[in-house]
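Below is the structure I would like to discuss, written out as structure tokens.
The values are calculated or read from the model by the stated rules, or taken from the named source; none is laboratory data. The structure presented is a predicted model; accordingly, all values stated were derived computationally and were not measured. Heads up, the Cβs are rebuilt from the backbone with ideal geometry, glycines too, and the neighbour counts pull from every protein chain shown.
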Amino acid sequence: MTKIEYFDQKVETASQDELAMLQFQKLEALLKKVSASNSFYQNKFRSLGITPAEIRSMDDLKKLPLTVKREFEEDQEKHPPFGTNLTEPLENYAQYRQTSGTTGKPLKFLDTRESWDWRGKVACYILKGVGVKRGDRILFPFNFGPYTAFWITYEGTYQLGNLIIPTGGWTSLQRLQCIFENQATVIPTTPSYALILADTAYENQIDLASSSVRILMLTGEPGALVPGIREKLQRLWNAQCFDYIGMTEVGTWGFQCTEEPNGVHIIESEFIAEVIDPDTGIHVHEGEVGELVVTNLGRACMPSIRYRTGDLVKVKKGSCPCGRTFRVLEAGVIGRKDEMVIVRGVNVFPNVLKNIVESYVQAGDEYQIEAFKEKGIDEIAIKVEIKDEDKREEIKRSVQDEIKRKLNLRIEVKVVPKGTLPKSDFKAKRFVDRRKATSNTLI
Ligand SMILES: [Zn+2]
């Protein structure tokens, strides 16, 4: 086993009691600030008749109300442009970001210099967690827009003092040339874009496996935690792959360490994670699937307190060989609460299908998983584009057989002509939900 390097060994290997104490101290400080000057949470607490002074231990946390995305959206609609979830005077905010807004109006998030530094600190845990060492050169192959993605990794890299190589606005080929010329060793990217770079390398006869890249840090969609995708990317890049997970509303809360191929650590010194039954709101037992609820402890300026992520997760039992005591979520995020499709009585998460398809298609092939209703019943269709004509039938049959074996479900795979499906270099839209939006949200 390689020597584990921590960002903050004392915190990362603390006992559960020590961690809970640290979390509570931070929570208390957060609630004090928020109850003094944040009208969004003042109103929320008041409507429930609760005062933060009643929160005297971690056990009391469940007395606080849950927060859902819709509340933030309504608040910003009613109080444009930034809403009322602001603890400090507007002139104190130094960074603007927004959600990508694939559904509904984008949410805006502001950071002060202090909270931005905290976000960078969180990324330091991640960078060290995936095995970044002094001397690693980190190349960022994306455009620095208003979305949070990668900015935080950038900030953490800066705090650690590793060399940053930005390549915004460049073509995939220019980026590949830059990787070779400057001997970049670490690439933070989406899995889709890592595949596009591999495709570009193949088309230009560049031997990607011979590059100096040794780590791919994957985020934005399931990657390294999906065995099919991980194996493919490791083979194409000849590099180790790790996932890290977050969302604009709460921050980047988890990472896959070098010793655990099947889970992500929650950065529990900076976030409180709870797992609840999505219907009752009550905590589930360890090892049971439930919805992840997150409280971020370092963004008092615009916090998310008991935020319902909509992500379904399961806490893994036992300790991690890396020595970190931060709890591990098995398989990371299992699926989105609202994405689960019940096909002929079987609960199907698009990620599981994605994993199966990914393990058979090749670089440059595209696919799409579509959920729709037929006579009021959930159904799923899988469409694939396969470049290699000779392999079309074989891949189609293999995917169908694997789905039958794993889920005991027959789903037809349709091969469609090249160019039918959308191609994206950021977050490929590989799951399309055409069912009517249903809401079982509990507030
Ligand atoms: Zn670990």
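Check off (1) closer than 25 Å to ARG230 by Cβ; (2) surrounded by 17 or more Cβ atoms within 10 Å (Cβ to Cβ) for GLU155 and give me the number that stays unchecked.
The number of the failed condition is (1).
In the stretch 78-101, which residue that is over 17 Å from ASN38 (Cα atoms) and free of Cβ contacts under 8 Å to residues at least 60 places away in the same chain is nearest to the ligand (Cβ to nearest atom)?
GLN95
Now for a separate question. Can you say whether VAL361 is over 30 Å from LYS3 (Cβ atoms), out of contact with any Cys (no Cβ under 8 Å at 6 or more places or on another chain), crowded, with 20+ Cβ neighbours inside 10 Å and at pLDDT 90 or above, as far as the supplied structure shows?
So VAL361 fails the test.
Right, something else. Looking at the structure I just gave you, is ILE164 part of a strand (DSSP E or B), surrounded by fewer than 20 Cβ atoms within 10 Å (Cβ to Cβ), aliphatic (A, V, I, L, M) and out of contact with any Lys or Arg (no Cβ under 7 Å at 6 or more places or on another chain)?
Taking the combined requirement at face value, the residue satisfies it.
Does the stretch 224-238 contain any residue that is within 16 Å of the ligand (Cβ to nearest atom), within 20 Å of ALA194 (Cβ to Cβ) and within 14 Å of the chain's Cα centre (by Cα)?
Within the stretch 224-238, one or more residues are within 16 Å of the ligand (Cβ to nearest atom), within 20 Å of ALA194 (Cβ to Cβ) and within 14 Å of the chain's Cα centre (by Cα).
Could you identify the single residue in VAL213, VAL294 that is among the β-branched types (Val, Ile, Thr) and either over 30 Å from ALA198 (Cα atoms) or part of a helix (DSSP H, G or I) (or both)?
Answer to the check: VAL294.
Kindly list, by first and then second residue, each pair from a residue in the stretch 8-21 that is within 15 Å of VAL122 (Cα to Cα) to a residue that is loosely packed, with under 14 Cβ neighbours inside 10 Å and among the small types (Gly, Ala, Ser), limited to pairs with Cβ atoms under 9 Å and residues at least 6 apart or on different chains.
These pairs meet every condition: GLN9/GLY323; GLU12/GLY323.
Every residue, every condition in (1) of a type in the set (A, V, I, L, M, F, W, C); (2) part of a helix (DSSP H, G or I); (3) within 16 Å of the ligand (Cβ to nearest atom), yes or no:
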site	(1), (2), (3)
GLY323	no, no, yes
ALA363	yes, no, no
GLU370	no, no, no
ALA381	yes, no, no
ASP390	no, yes, no
THR420	no, no, no
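Can you confirm whether the stretch 112-119 contains a residue that is part of a loop (DSSP other than H, G, I, E, B), away from the ligand (no atom under 16 Å from the Cβ) and aromatic (Phe, Trp, Tyr)?
Checked the stretch 112-119: no residue is part of a loop (DSSP other than H, G, I, E, B), away from the ligand (no atom under 16 Å from the Cβ) and aromatic (Phe, Trp, Tyr).
Right, something else. Check GLY332, GLY318 and return the single one that is outside any strand (DSSP E or B), more than 24 Å from SER115 (Cα to Cα), over 20 Å from the mean Cα position of the chain (by Cα) and not β-branched (Val, Ile, Thr).
Only one candidate qualifies: GLY318.
Tell me, please, whether a residue that is of a type in the set (Lys, Arg), surrounded by 15 or more Cβ atoms within 10 Å (Cβ to Cβ) and in contact (Cβ under 8 Å) with a residue 40 or more places away in the chain can be found in the stretch 55-62.
yes
Checking the structure you have, find out if any residue of the stretch 352-374 is without any contact (Cβ under 8 Å) to a residue 60 or more places away in the chain and within 30 Å of VAL68 (Cα to Cα).
yes
Scan the stretch 259-277 for residues that are in contact with a strand residue (DSSP E or B) (Cβ under 7 Å, 6 or more places away or on another chain), more than 16 Å from SER304 (Cα to Cα) and assigned to a loop (DSSP other than H, G, I, E, B) and report the count.
3
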